[in-house]
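Have a look at the structure below, then the notes.
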Amino acid sequence: MKRTVIGLIAALAAAAAPAVALAQGKYVHANNSGYDNLDPHAIYDVGRAASRINFYDGLYRWVDNPPKLIPWLAESHTASADGKTWTFKLKQGVKFHDGSEMTADDVVYSIERMLATKKGASSLFIPIIDPGSTKAPDKYTVVFNLKEASAIFMSTVPEILIVNAKLVKANEKDGDWGQAWLAKNVASTGSYKLKRYDPAIGFVGERFKEHFAGWGPKAFDEIEFRTVLETNTRVQGLIKGDFQGTDGYLPYDQILRLKQEKNVQILEQESMRVFYFSVHNGRPPLNDVHFRRALAYAFDYDGFINDILKGAVARNPGPNPNNLWGAPKDLKGFAFDLEKAKAELAQVKEPIRPITIGALAGFSESEQSATLLQNAAKKVGIEIKIESAPWQVIQSRMQDREKNYDLVPLWKSTYYVDPNNWVGELYGSRYLNTRNYSYNNDPELDKWINDALATNDQAKRQELYEKAARKVTDEAMGIFVYNTKWYGPYAANVVGIRFCPIGSGQDMRWASFK
Amino acid sequence: MTGSWRRTAARFLGDRAALMGASLILLLVLAAVFAPLLSPFPADVAEFHTANRLRPPDGVNWLGTDRMGSDLLSRILFGARITISIALIAVGSAVLLGVPVGLVAGYYGGWPSDLLMRVSDIFLAVPQIVLAIAIAQTLGPSIENVILALSITYWPFWARLVYAETRSIKNEVFVESAIALGASSLRVMAMHILPNIASAIIVRTSIGMGATILTAAALGFLGLGAPPPAPEWGRMIAESREFLPEAWWYATAPGIAIFMVVMGFNLLGDGLRDILDPRIRRAVGRHA
Amino acid sequence: MRRLEMVLSRLAWFFPTMAGLIVIVFLISNVIPTDPVRIVAGENATPEQVAALRVKLGYDKPIAIQLLNHFRDVLSGNLGVSIYTQRPISEDLAKRLPATLELSITALSLAILLGIPLGVVSALRRNAWIDQVLRVISVSGLAIAAFWLAMELQFLFSMKLRVAPLNGRIDGFGPEPYTGFYVLDSLIGRDWESLGSALSHLALPALTLALPAAATILRFARAGVLEVINSNHVLYQRAMGIPPRLIVWKYVLRNALISTVTQIGLIFGVLLTNAVVIETVFDWPGLGSFAVQSILQSDHKAIIGFTIWTGGLIVVVNLLVDLLHSVIDPRGAR
């Protein structure tokens, strides 16, 4: 009894002491969303990038900013003249975590698994790759046979993450492609091996010493990614030293607070994450260009960027991020001007009805931008109603033409580095019902977007995307506000973070403590 | 009759708690009614000054400003209107629905009354707030829907209460004699039973107002209350969360406003209980 | 005998009540303009993927059939799979129940430890200044918005003084799970680091939850004591020359206890109500935050799962209270 009491006191004392006794070489990251599934083919969102990127490898990999594509499991690739046949030469001697060698069969199995389970990033490949069309002529060669030429195929190749085919097959149940098993297990060649996992808490990865790409001398032995939903807790944990890093898209007020702390450093990078109002173009009166322009004139861009966000971001007048090719350098965009808004509104023929904005609950920027627009729109005679809902709910409604809100203020992040990720997916009718939330159906725009996908001529593509961006902006098919800066908060002794808009700097294999 | 009312009024004035409660409520009503006159910046309910955001209290903005740069004092005063209308209408309709149901069920008995009571049991089987959140979420955020969600989930409480009270006095001599004298059921319920359970209803209405204000604020806090830019107190507290610890004033003022109002209704309810409902006196023998 | 009857009828009514709740929740969730299948399908799903999933999950059937199917599943103990976490709902609930119980039992104990002595003092010093102060405090305790109190405590103790964690239940993965109660588990496993972490995380939410409950208990204890003091029984004993201290200990305290215990079922209901919001503020992985999340995400099977478990929990607590009551107050066959 007495011993228990003493132990208890000791425990309390230990809890009260500053947390310095962290295992050497362990990096703890506080993440703002949950890791409910580890299956690399089931998830494809920014919030859960860490498990995909640290546990799995692709044929190529995105690194750095501006993003570069480097050969990873593949050593090289060639494309046929018609842009349909893509041949990848694999590195030899790459080991899975269980010691077996990764071969072309694993790549074929992985793409077939994606096409069959139809989840996560598979929507990038379903339209262009038929099941059974991918071949492995020898142990180290993979041939993708596309249905049509696709200029973005190469940018999406890193999303084909390679699983250990033999191991997954051994754990298949009722033909589920091992989905139940892979949700909680890792079968890969990746940088880290799964050590511990609890969907409600997060995961711990242990360095895979035999990883084919080798390791820097001081790389972390262990990485832990923990779900901490509350922003304030992440910030406080970082200050206290419980965490060594957290997400780089904190509200700017928190960044300012962190900048005053000695044991925290803030890394800055211009990201590719465009904040805009998604506008439902397919519904009156929003199908009238004058009504949309009236709204675009009614947003106080300066007040939002300079006062509310304290100038922490850069104005981005069009759909494509400024720091990417395909964004016209001289694009002017809209400015806050209520007189012009009234003039545009006067030209609207359809009766004007109250507009509904679906704001992202818990994301104050989304909510504040909605209130700001609501306030100004009222002055020109447009009533706006704001409904806040969690992201999952908003997203599921956006995908439905009837249930979609009129406007949604949100970010479009980088899934692959190509203007098609922005202007193409958001306004091309080929992406209707998936990522085209604008319900835009514009033949001219479609032609440019489709032509840009069908050619590998970079100059031609740039011209087409710039034309598309101009048209989308001019006709206010969306209200484009800013491009995000990434302020990566890390413990002061962390070095070697390689930020890339894809994965948001969470690729931990390059980092270490000083 | 007048004599007894005079006695009651005298007692009321003698009860410090009840008086204090009544004055707090009066304060709320005054704030709500005269919000446009009392507010230093009445336009700030819907007007933003982004350059002024998150200012601590000073001579201009006595309670500081919020995340859009609006004056918090003005918004809190206008918020009193939302609070008072939600509480009044939600509790009012719950009472109007629950009391007749409980009265009829308690008076007649039998299987219809059992059924009614079982239906009310269903609502009482989980915390009220859970059902209220679910209904408010379904209907979408607006003041009307908050009121609806609160009344739908609150009437069973009144049905239960009145049912129990009615059952307990149904067999009293004065009720039985009224029936024997040939009074209609409606008359018995309205003229003999209701007046005798009225005090219990009044006492609990006051306390129920407080509880309902708290629940409504919780709905607002979870983002299910009146949509922005309505100056709803619970939502203001939720908004302030990410600006702590710097903007300490942001949550403080609306929190205290809620506290004062609920305190007012609770004190008044306590006082009324002492005065009107001798069976459940707060301090047994205190007035003896 | 009467008690047994009450217990049985309570149990008998449990199932129809739950069935009614399922219907209500089901109807509510079918009005929501959110499509659960699209949430499962995820951001990048094509219309074909969504359609296939709809058939697989049974959402293509008419509402009545879906309801019947769901009844069948629930009766066979299968609450279904959460749309959002993709895990069996029973699994999530089973994991979260100990969290809520740990929090509410701690809060209840705190509330009893605070409420009963203060209630007794308040009654014994009736109308003295201490009684007045305590009464003001107890009325205040019921007038504070729980989520606001939670935030102010976080502000003071976590952000300013930095002596308590802001939220969460533990740092990291927690102790070896024997029971799911972290305090108990870390004692069993002699994992002192986890114990410290669990206790420090428990402090603020338990305090927030305990305050209104303590206020309620204080009032009941005070009333209970006053009732005895004024009863002829105590007057008689006083007249018999039995020392007042003995009277307090033997009769008064016991009575305060009894009048509190009878109310514990009610207090527990209040605790659960407050836990719904407080768990959300403290990011406490219990049933309350589960309910809020499920509702906000329109995860209606999860809402039904929560409803059944909470309904069951309340019944169990009431049964326990009945039992406890008959133990400490054998004459009370009321």
Hey, can you tell me all the residues within region A:133-181 that are in a strand (DSSP E or B) and among the aromatic types (F, W, Y)?
-> A:F144
Out of C:A52, C:A64, which single residue is without any contact (Cβ under 8 Å) to a residue 24 or more places away in the chain, small (G, A, S) and either surrounded by 14 or more Cβ atoms within 10 Å (Cβ to Cβ) or within 17 Å of A:I394 (Cβ to Cβ) (or both)?
-> C:A52
Qualifying positions in region A:217-236 - within 24 Å of A:K259 (Cα to Cα), more than 9 Å from chain C (Cβ to nearest Cβ) and not β-branched (V, I, T) | A:F225, A:R234
C:W249 passes all but one of the listed conditions (1) crowded, with 24+ Cβ neighbours inside 10 Å; (2) over 16 Å from the mean Cα position of the chain (by Cα); (3) in a helix (DSSP H, G or I); (4) not β-branched (V, I, T); the exception is number (1)
Taking A:S366, is it modelled with pLDDT of 90 or more, surrounded by 19 or more Cβ atoms within 10 Å (Cβ to Cβ), small (G, A, S) and assigned by TED's automatic domain parsing to the domain that holds A:A294?
-> yes
Among residues of region A:41-74, those that are more than 14 Å from every other protein chain (Cβ to nearest Cβ) and in a loop (DSSP other than H, G, I, E, B), counted = 9
Among the numbered criteria (1) assigned to a helix (DSSP H, G or I); (2) more than 7 Å from every other protein chain (Cβ to nearest Cβ), which single criterion is violated by B:L224?
-> (1)
Positions within region A:434-449 being within 23 Å of the chain's Cα centre (by Cα) and under 21 Å from A:D418 (Cβ atoms), in sequence order = A:T434, A:R435, A:N436, A:Y437, A:S438, A:N440, A:I449
What is the one condition in (1) surrounded by fewer than 24 Cβ atoms within 10 Å (Cβ to Cβ); (2) touching a strand residue (DSSP E or B) at 6+ places or on another chain (Cβ under 8 Å); (3) within 24 Å of C:P47 (Cα to Cα); (4) not β-branched (V, I, T) that A:G503 does not satisfy?
-> (3)
Residue check, A:K240 against (1) within 14 Å of chain C (Cβ to nearest Cβ); (2) within 11 Å of A:G488 (Cβ to Cβ), all met but one. Which one?
-> (2)
Per the filter on region B:227-248, residues more than 7 Å from chain C (Cβ to nearest Cβ) and part of a helix (DSSP H, G or I) are B:W233, B:G234, B:R235, B:M236, B:A238, B:E239, B:S240, B:E242, B:F243
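Being away from every other protein chain (no Cβ under 12 Å) and either surrounded by fewer than 16 Cβ atoms within 10 Å (Cβ to Cβ) or in contact (Cβ under 8 Å) with a residue 40 or more places away in the chain (or both): is that true of C:S9 here?
no
Identify, please: which residue in region A:302-340 is of a type in the set (F, W, Y) and surrounded by fewer than 20 Cβ atoms within 10 Å (Cβ to Cβ) and is, among those, nearest to B:F48 (Cα to Cα)?
So, considering only residues that are of a type in the set (F, W, Y) and surrounded by fewer than 20 Cβ atoms within 10 Å (Cβ to Cβ), the one nearest to B:F48 (Cα to Cα) is A:F336.
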Out of A:R234, A:R226, sole residue that is buried (at least 22 other Cβ atoms within 10 Å of the Cβ), touching a Phe, Trp or Tyr at 6+ places or on another chain (Cβ under 9 Å) and assigned to a helix (DSSP H, G or I) | A:R234
Is it true that some residue in region A:58-76 is touching a Lys or Arg at 6+ places or on another chain (Cβ under 8 Å) and among the hydroxyl-bearing types (S, T, Y)?
-> yes
In the list A:A377, A:A343, which residue meets the criterion of being in contact with a Phe, Trp or Tyr (Cβ under 9 Å, 6 or more places away or on another chain), buried (at least 22 other Cβ atoms within 10 Å of the Cβ) and more than 8 Å from every other protein chain (Cβ to nearest Cβ)?
-> A:A377
Is it fair to say C:A99 is in contact with a Phe, Trp or Tyr (Cβ under 7 Å, 6 or more places away or on another chain), small (G, A, S), at negative phi and surrounded by 14 or more Cβ atoms within 10 Å (Cβ to Cβ)?
-> yes
When residues of region C:223-246 are limited to those that are surrounded by 12 or more Cβ atoms within 10 Å (Cβ to Cβ) and among the aliphatic types (A, V, I, L, M), the one farthest from C:V121 (Cα to Cα) | C:I242
Please enumerate the residues belonging to region C:290-304 that are touching a Ser or Thr at 6+ places or on another chain (Cβ under 6 Å) and in contact (Cβ under 8 Å) with a residue 40 or more places away in the chain.
-> C:S298, C:D299, C:H300, C:A302, C:I303
Is it the case that A:G93 is in a loop (DSSP other than H, G, I, E, B) and closer than 30 Å to A:Y197 by Cα?
-> yes
Within region B:2-10, is even one residue outside any loop (DSSP other than H, G, I, E, B), basic (K, R), more than 25 Å from B:M236 (Cα to Cα) and over 26 Å from the mean Cα position of the chain (by Cα)?
-> yes
Residue pairs within 9 Å by beta carbon, gap of at least six or interchain, first lying in region C:251-272 and within 19 Å of C:P212 (Cβ to Cβ), second at pLDDT below 80 and small (G, A, S), listed first then second, are C:T262/C:G332
Has region B:140-150 got any residue that is closer than 23 Å to B:M260 by Cβ, touching a helix residue (DSSP H, G or I) at 6+ places or on another chain (Cβ under 7 Å), aliphatic (A, V, I, L, M) and outside any helix (DSSP H, G or I)?
-> no
Which of the residues that make up region A:259-300 are crowded, with 22+ Cβ neighbours inside 10 Å and within 14 Å of chain B (Cβ to nearest Cβ)?
-> A:A298, A:F299
Would you be able to tell me the number of residues in region A:153-198 that are within 21 Å of the chain's Cα centre (by Cα) and surrounded by fewer than 20 Cβ atoms within 10 Å (Cβ to Cβ)?
-> 2
Among A:G205, A:G318, A:G245, which is the only one that is of a type in the set (G, A, S) and either more than 17 Å from A:N31 (Cβ to Cβ) or at pLDDT below 90 (or both)?
-> A:G318
Condition set more than 7 Å from chain B (Cβ to nearest Cβ), in a helix (DSSP H, G or I) and polar (S, T, N, Q), scope region C:117-157, selection farthest from C:A107 (Cα to Cα): answer is C:Q132
B:I169: among the β-branched types (V, I, T) and touching a residue at least 40 places away in the same chain (Cβ under 8 Å), yes or no?
-> no
Taking the residues in region C:160-172 that are under 22 Å from A:H29 (Cβ atoms) and of a type in the set (A, V, I, L, M, F, W, C) as candidates, determine which candidate is farthest from the other protein chains (Cβ to nearest Cβ).
-> C:I170
Subset of region A:315-353 [among the acidic types (D, E) and within 16 Å of A:V289 (Cβ to Cβ)] = A:E344, A:E350
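The values are calculated or read from the model by the stated rules, or taken from the named source; none is laboratory data. Quantities reported herein were computed from a predicted structural model and do not represent experimental measurements. No Cβ is skipped: glycine too gets one built from the backbone with ideal geometry, and neighbour counts run over all protein chains shown.
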